[in-house]
Structure formats: structure tokens, C-alpha cells
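Take a look at the structure below.
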Amino acid sequence: MASDQIPLFDKPEKWSYSKVKSLILCPKEFNLRYLSKQESANVQGIDTWVGRILHSVVADYFRSKKANRNEPEDIWQIYSRRLPDKLEWSKNPLGAKRAERFLEAFVVSDLAAKYPVAIEAPCKALVAEVFFTGRIDLVCTTDPDSETFDLVELKLNDNEVVSGSTVDRYLQLLLYQKVAVNIYPSIGRLGLYFFESAQFSEIETSTELCNTAVDRLGELIIEAKGSHFPATVNRFCPTCGYSERCEEYQRSIVRK
Ligand code: SF4
């Protein structure tokens, strides 16, 4: 095909929030992982391990609540049923403590009182000319008769969310809102629930915020087509998967 011809059947690229977060946090990591597709080391800390267990415990809690079968305290039974290999757990007393602290706070939280509509709901839509795909941890309402839906994401730890502007902090949920709006036309609140501090942080959503998130995704897509991918040493470097061979990170730890 001559270089001046426009490819008519180009498939839109696939983007997920992990890809977005990688580009915001460290363009070098984004380049290695998503453009050069270099293999990364599998660095799984205690956070990831505990987070995976708690994600499934909360999902099971809401599944059984959807069937009208439970009270917040029942999450303890679900947790004991889901407990991993006892030996493995006993090797991680810190993880066990974190999980128990989270469950104590969950029982009395606003989140536990919400009514589930969909759990781990897959979504995919054309946003800013790419296919944005993801899985919404929880679609819920504050009242079973309400037709306004809240979107909630469960986060492993307080550092997991990009800080900065409101749009960057809630970017994942704002993009999910854009994707989910055909199924759940009236979305009221967006919530982030952190396992580490057991804190629930919610905001009222708006069309303006949602449009700003789509513009932000558009800017990031343009950035990804560029040629400059600087390393940004950040708090996630130890678990990035490229840290062993990343000169910038290695230099930063030698300096310390
Ligand atoms: S170790 Fe840190 S600076 Fe290096 S690529 Fe990974 S995230 Fe970026």
C-alpha cells in the first residue's frame, strides 16, 4: 500500500486503565511494557496477594447480598471460607493483620450498606477513538428502588491511585462511567475503597468531569504516539518488574 493511502479498516487500539496509569506514572515503564513488549519480572508483594483475596471476599459478599442473604457481619464467614492455604497465610502475619483490619472497618462502612446491581461487570466501548476496556468492581445503589447507580473500585493500597487532580484520581471510574452509561444511564457517585486504610472516598460525578477524563485520555493517546518516554522514579518502582535493569531507579537507590 502506498504510504499516502489511508487504511480504511484499521482496528481501534485497546486501552485499559493499567495502561493509562503506567503512562501517567512512568513513560519509560509504559514504553517497555506496552510498546517494546519486553518481558518483565513477576514481582508480587504482600499487597497484591492480600488484595487478591480481599477482592474475592468483597465480591462474594455482594453476590450473596444480591441474593438477599446476608448482613455486613457475614463477611467474616465468607473470609474464613476463602482463606488461602493456612501455611501460606501463617507465613504472612502482616497480611493477615491487614485483612482483619480491613474487614472490621468494612462491616461498619457505607460501602457494606450499598445494594449491589452488578459485580465485576465487564465493559468495553469506543472512547477517544480507542477501545477502552475494563471490569467495574461494583455497580450499586444506596437504596434498592433507586435508579441512580454508583460505581465503586476496590484498591489494594492507598498509593495505588494516581494522586493530583480530581480527574486523575478518579480517572478510571470516570472512563468506566463513559463506557457504562448505555447500561446505567444515571450514574450518581464514584467511589474508591482502599484496603490498606479501609477508607472509602466518594465524589458526585458530572458530565463536565466525565468529558475532562475523555480529553485526558485523548492527550495520553497522543503522548503514547510520540518518541519521548522518560523514566520517572516513583513509589511503585520496587514492584515495576523492570526495576532490576532500570538505570534511573538503580541510581536513585544507590544515592539513598
Ligand atoms: S523502575 Fe521506576 S523509573 Fe524504572 S521503568 Fe520502572 S517505574 Fe520507571
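Read the figures in this text as sums done on the coordinates, not as results from a lab. Everything numeric in this text was worked out from a predicted model, so none of it was measured. Here the Cβ positions follow ideal geometry from the backbone for every residue, glycine too, while neighbour counts run over all protein chains shown.
Neighbours of Ser186, meaning other residues whose beta-carbon lies under 12 angstrom from its beta-carbon, give a summed charge of -1 when Lys and Arg score +1 and Asp and Glu score -1.
So what's the back-of-envelope 222 nm ellipticity for the chain, counting only DSSP H runs of four-plus at -39500 (n - 2.57) apiece and dividing by all residues, rounded to 500? The partial results should precede the final answer.
On the way: 10 runs with 103 residues, N = 256.
It comes out at -12000 deg cm²/dmol, rounded to the nearest 500.
The residue among Val127, Ser40, Gly188 whose Cα reaches farthest toward the positive pole of the charge dipole of the chain, with charges on the beta-carbon of Lys, Arg, Asp and Glu, is Ser40. Cut-off 10 angstrom, C-alpha nodes, Gaussian network model of the chain. Which of Thr142, Thr239, Thr212 fluctuates the most? Per the Cα network of the chain with a 10 Å cutoff, Thr239 tops the list. Here the Karplus curve 6.51 cos²θ - 1.76 cosθ + 1.60, taken at θ = phi - 60°, turns the phi angles of the stretch 50-60 into couplings of 5, x, 4, 5, 5, 4, 6, 5, 5, 4, 5 Hz, with x standing for Gly and Pro.
Placing unit charges on the Cβ atoms only, positive for Lys and Arg and negative for Asp and Glu, gives the stretch 46-106 a dipole magnitude near 160 debye about its Cα centre.
Enumerate by residue number the GluC sites (Glu not before Pro) in the stretch 113-170 meeting two conditions: DSSP loop (anything except H, G, I, E, B), and at most 13 other Cβ atoms within 10 Å of the site's Cβ.
On the way: sites: Glu120, Glu129, Glu147, Glu153, Glu160; in loops: Glu129, Glu147, Glu160.
Hits after loop and neighbour filter: Glu129, Glu147.
The stretch 150-210 and the stretch 123-137 have Cα centres lying 15 Å from one another.
Most mobile of Tyr115, Tyr61, Tyr184 per a Gaussian network model of the chain (Cα springs, under 10 Å)? Evaluated over the chain, the most mobile residue of the options is Tyr184. Dipole magnitude for the chain: about 860 debye, using +1 per Lys or Arg Cβ and -1 per Asp or Glu Cβ, origin at the Cα centre.
Out of the DSSP beta bridges found with both residues in the chain, what percent are antiparallel (nearest 5)? Antiparallel bridges make up about 70 percent of those DSSP assigns within the chain. Note on the chain: GNM, Cα springs under 10 Å; of Ser18, Ser56, Ser165, the largest mean-square fluctuation is that of Ser165.
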